[in-house]
Amino acid sequence: MRTVLVVDDDPMVLEVTASMLEDLGCEVVTAGSGSEALDRLARDRRIEIVITDVNMPGLSGYELAEKAKRLRDGLQVILLSGRETDSHGLPLIRKPFLQGDLTRVMQQTTGLC
């Protein structure tokens, strides 16, 4: 079982995304901000994948992805956004999304849990 860190400042999106990942068999850790996510990454070595919203106050998903990849070699990052179209070279899932969209992107990029 792989551990995924989900980051979103919207509690409803965070909860729904975490639930979808649990249905896929993932162990899920959540964070409501970029700085909280970096703290969790530093403390939990099991995290292999980060799925983060792009538009968040403070640390954006782009900045989080950059810092997280520097912090942990081999970390895989998937972005979520309802507005952004520039994925900065990372997999991007458009909001709103269905479980099938999440499953497909994970199969194509990080692999499933």
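Just one of LEU98, LEU59, LEU92 is at pLDDT 95 or above and touching a strand residue (DSSP E or B) at 6+ places or on another chain (Cβ under 8 Å); which is it?
On the way: LEU98 fails: touching a strand residue (DSSP E or B) at 6+ places or on another chain (Cβ under 8 Å); LEU59 fails: touching a strand residue (DSSP E or B) at 6+ places or on another chain (Cβ under 8 Å).
Answer to the check: LEU92.
Scanning for something charged (D, E, K, R), without any contact (Cβ under 8 Å) to a residue 12 or more places away in the chain and over 25 Å from MET1 (Cβ atoms), does segment 75-96 turn up at least one residue? Show your work before the answer.
First, the residues of segment 75-96 that are charged (D, E, K, R): 83-84, 86, 94-95.
Checking which are without any contact (Cβ under 8 Å) to a residue 12 or more places away in the chain leaves us with 86.
Still in the list and also over 25 Å from MET1 (Cβ atoms): 86.
Within segment 75-96, one or more residues are charged (D, E, K, R), without any contact (Cβ under 8 Å) to a residue 12 or more places away in the chain and over 25 Å from MET1 (Cβ atoms).
The values are calculated or read from the model by the stated rules, or taken from the named source; none is laboratory data. Since the structure is predicted, the reported quantities are computational estimates derived from the model, not experimental observations. Neighbour counts run over all protein chains shown; Cβ positions are idealised from the backbone, glycine included.
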